[in-house]
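What follows is a single structure, written as structure tokens, with notes after it.
The values are calculated or read from the model by the stated rules, or taken from the named source; none is laboratory data. Bear in mind that the values here come from a model prediction, so they are computed numbers and not experimental data. A quick note on method: Cβ atoms are made from the backbone with ideal geometry, for glycine too, and the neighbour counts reach across all protein chains shown.
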Amino acid sequence: MHNKEYFNMRRTIFIIILVVFVAYFNSRSNAFVGDDNYVVVRNSFISSWKNFPSLFTKNYLSDPDTIIFDSYHRTDYGSSEITYRPVVTLSYMVDYALWRLYSPGFHLTSILLHTLNAILLYLFVLTILKNHSLALFSSLFFAVHPINTEAVNYISAREELLVVFFLLSAFMLYVYHKRYDGPKRIICYLGSCFSFCLALFSKEMAITFPILIMLYDFYFEFNASIKEMISKMKYRYLGYIAVAVFYLIVYFFVFSPRLNLDMVYAGGSIHTHLFTSLKILARYVTAFFIPFNISIVPSFYAPVAKTFNYEVLLSAVILALLAIMALRIYRYSKLASFGIMWFFITILPVSNLIIHLVNMFSFRYMYLPAVGLCLALSAGCVSLANAKFIKSRAPNSDKIILIAVTGIFLTGTLPQNLFWKSEYSFGKNQIMYYPGVPEPYQALSKYYFEQGDYGKSIAASKVYLKYFPDSSLSYNDIGVCCLYLGRLDEAVSQFKNAIKFRPNFTDAHYNLGIIYLNKNEFYKAIDCFNRAIALDPNYADAYNNLAVAYLKLGKYKEGRKFLVKTLELCPNHELATGNLKSLEESKEEEKK
């Protein structure tokens with residue numbers, strides 16, 4: 001590499017770092033929101049390196065119900081992941097070791113990963129095409145595009161960042177391995193396979209990588225000669241196929257995902273599911289090329305299309321035109337055609353056409369597919385800038401187009417970062433864009449509770465209950481608010497409703513026991529705490545309050561037994577330590 005080329009590369013990397021900082025500097029103080037509370041805040045798995053060996057055991061996976069209902073008090077429920085993604089969890093463990101629960105630290109890690117991904121994209125394009133402009137356009141568009149804000153800002157979307165990091169690394173090493181001989185060739189190939197393996201254990205959609213490298217060879221090495229590509233397949237792709245097979249065995253047979261993989265059709269039938277999937281895919285495409293009004297999509301939301309209407313037709317037309325464009329422009333721009341095909345290949349695992357995802361629609365799913373569309377967009381912009389009728393009138397047309405498009409993207413990214421500022425902004429944004437969808441009210445309820453505004457928290461939970469009148473979690477949340485407000489009878493009613501719809505709701509039994517303890521109904525409290533302990537034998541707080549109830553009844557032997565049990569489970573339990581100390585002191589006073 002010549003000194004001038006090396007200097008240009010270093011300068012460009014500095015520009016990429018600077019642009020990413022400008023795009024995301026206002027997100028550094030964002031809070032943990034939404035699923036971050038399960039994945040990070042209440043996830044004791046990431047808080048100790050003693051759990052590192054569990055990354056490779058079945059104790060890693062968590063039951064979805066346990067995450068939602070029991071993560072407030074249990075510490076043995078796994079990693080808060082329902083599919084096997086140990087690389088993601090390991091990244092949280094590193095973050096926790098560095099920052100504890102300091103949210104800006106986690107956000108800094110996400111921004112650094114996004115920066116590295118933009119740099120890798122620049123180096124990837126520069127490596128395969130030796131075209132500085134295409135590489136710069138692609139990386140800057142990817143760095144600041146508003147469609148990537150969810151993946152960068154949502155801590156629980158860390159898998160999106162990691163899968164792109166490892167896939168681009170694997171791609172780079174794959175390209176380099178063909179340029180070397182001897183040990184370097186072998187090292188690069190093995191390094192590429194290892195990076196692919198890490199990508200797979202970051203997120204399932206990495207399974208598309210072998211198809212991507214075949215597509216790359218088809219476009220850039222074999223000049224569309226399928227025959228030549230097949231003749232060399234056993235030498236080039238066997239390692240990646242072996243890694244993919246190993247992953248599938250581990251994923252499905254060793255660590256069976258704790259979710260229902262049966263196809264559940266959106267709208268109730270196969271054709272409504274297909275119509276809905278088409279609408280979602282087209283929305284991803286239009287959001288990329290017209291990046292305005294990109295919002296946080298509520299959990300479990302899907303724009304169900306029950307009939308074949310104009311929206312479904314328009315969606316099908318948009319996708320068909322994009323596919324036709326990929327085929328037609330191959331002669332004129334291999335990069336643009338390759339980028340569009342990248343989009344279709346990588347979006348397939350999250351398209352709901354193969355497996356119905358729990359969350360059918362989310363813009364974070366576009367983080368990997370957006371790499372391809374950024375390649376296509378950059379190819380189009382560079383071709384436009386180099387067109388004779390534009391170049392003759394504006395010699396710096398490439399810089400003008402780059403600054404203009406990057407600036408437009410920035411105007412979308414900067415305000416979108418603030419959607420993740422707090423649970424309040426998180427919930428309000430969803431309500432603004434999706435009025436009538438209940439899930440955001442849970443975020444608002446949590447926000448108001450944390451602010452001590454229990455009345456508004458109750459109101460938000462009651463809105464959610466209008467849509468889901470059997471939500472035991474909402475009844476429990478209302479009951480806790482009533483407890484803080486001193487409305488004990490109402491709290492009892494709410495906790496009983498929570499138990500009615502979920503008899504094994506441990507926290508509801510425990511909370512009901514707290515109410516009875518406050519009302520001096522000690523035998524009822526004892527019954528509730530015993531039920532909570534039966535559901536979770538390691539519930540230290542339940543043992544402590546069970547001891548308190550016995551002590552209030554003057555049954556000091558039983559009280560002492562359960563205080564000791566509390567401290568066996570949690571040696572640093574302050575309340576149990578204080579209660580036991582008071583009990584021992586009272587006994588000493590009696591002896592005197």
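Quick test for you: out of Val175, Val125, Val144, pick the one residue that is within 20 Å of the chain's Cα centre (by Cα) and in contact (Cβ under 8 Å) with a residue 40 or more places away in the chain.
Val144
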Among the candidates Ser169, Ser133, Ser139, which residue alone is under 19 Å from Thr413 (Cβ atoms), among the small types (Gly, Ala, Ser) and assigned to a helix (DSSP H, G or I)?
Ser139
In the stretch 326-351, which residue that is at pLDDT 95 or above and of a type in the set (Phe, Trp, Tyr) is surrounded by the fewest Cβ atoms within 10 Å (Cβ to Cβ)?
Phe344
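Within the stretch 291-303, can one find any residue that is in the same structural domain as Phe363 (by TED's automatic domain parsing) and part of a helix (DSSP H, G or I)?
Residues of the stretch 291-303 in the same structural domain as Phe363 (by TED's automatic domain parsing): 291-303.
Those still in the list that are part of a helix (DSSP H, G or I) too: none.
No, there is no match, as no residue in the stretch 291-303 is in the same structural domain as Phe363 (by TED's automatic domain parsing) and part of a helix (DSSP H, G or I).
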Residues that are in contact (Cβ under 8 Å) with a residue 60 or more places away in the chain: which helices (runs of 4 or more DSSP H) entirely in the stretch 379-437 hold 3 or more of them?
397-417, 423-433
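Any idea which of Phe501, Phe522, Phe495, Phe505 is under 17 Å from Phe69 (Cα atoms), surrounded by fewer than 23 Cβ atoms within 10 Å (Cβ to Cβ) and of a type outside the set (Lys, Arg)? Quick ask: steps written out before the conclusion?
Working: Phe522 fails: under 17 Å from Phe69 (Cα atoms); Phe495 fails: surrounded by fewer than 23 Cβ atoms within 10 Å (Cβ to Cβ); Phe505 fails: surrounded by fewer than 23 Cβ atoms within 10 Å (Cβ to Cβ).
The unique qualifying residue is Phe501.
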What number of residues in the stretch 267-276 are at negative phi and surrounded by fewer than 23 Cβ atoms within 10 Å (Cβ to Cβ)?
6
Only one of these conditions is not met by Leu173: (1) surrounded by fewer than 18 Cβ atoms within 10 Å (Cβ to Cβ); (2) in contact with a Ser or Thr (Cβ under 9 Å, 6 or more places away or on another chain). Which number is it?
(1)
Residues being in contact with a Phe, Trp or Tyr (Cβ under 9 Å, 6 or more places away or on another chain) and acidic (Asp, Glu): count how many of those fall in the stretch 133-165.
2
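Applying the selection to the stretch 146-198, what residues are small (Gly, Ala, Ser) and out of contact with any helix residue (DSSP H, G or I) (no Cβ under 7 Å at 6 or more places or on another chain)?
Filtering the stretch 146-198 for residues small (Gly, Ala, Ser) gives 151, 156-157, 169-170, 182, 191-192, 195.
Gly182 - this is the single residue of the stretch 146-198 that is small (Gly, Ala, Ser) and out of contact with any helix residue (DSSP H, G or I) (no Cβ under 7 Å at 6 or more places or on another chain).
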I need every pair where a residue in the stretch 56-75 that is of a type in the set (A, V, I, L, M, F, W, C) has its Cβ under 6 Å from the Cβ of a residue that is part of a loop (DSSP other than H, G, I, E, B) and at pLDDT below 85, sequence separation at least 6 or different chains.
Leu61/Arg258
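Restricting the search to the stretch 352-368, which residues are surrounded by fewer than 19 Cβ atoms within 10 Å (Cβ to Cβ) and either touching a residue at least 24 places away in the same chain (Cβ under 8 Å) or within 19 Å of Val164 (Cβ to Cβ) (or both)? Even if it seems obvious, please write down each step before you answer.
The first filter runs over the stretch 352-368 and keeps only residues surrounded by fewer than 19 Cβ atoms within 10 Å (Cβ to Cβ), leaving 353-359.
Within the stretch 352-368, Leu353, Ile355, His356, Leu357, Val358, Asn359 qualify.
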Within the stretch 246-257, count every residue that is more than 14 Å from Leu198 (Cα to Cα) and either out of contact with any helix residue (DSSP H, G or I) (no Cβ under 9 Å at 6 or more places or on another chain) or surrounded by 13 or more Cβ atoms within 10 Å (Cβ to Cβ) (or both).
6
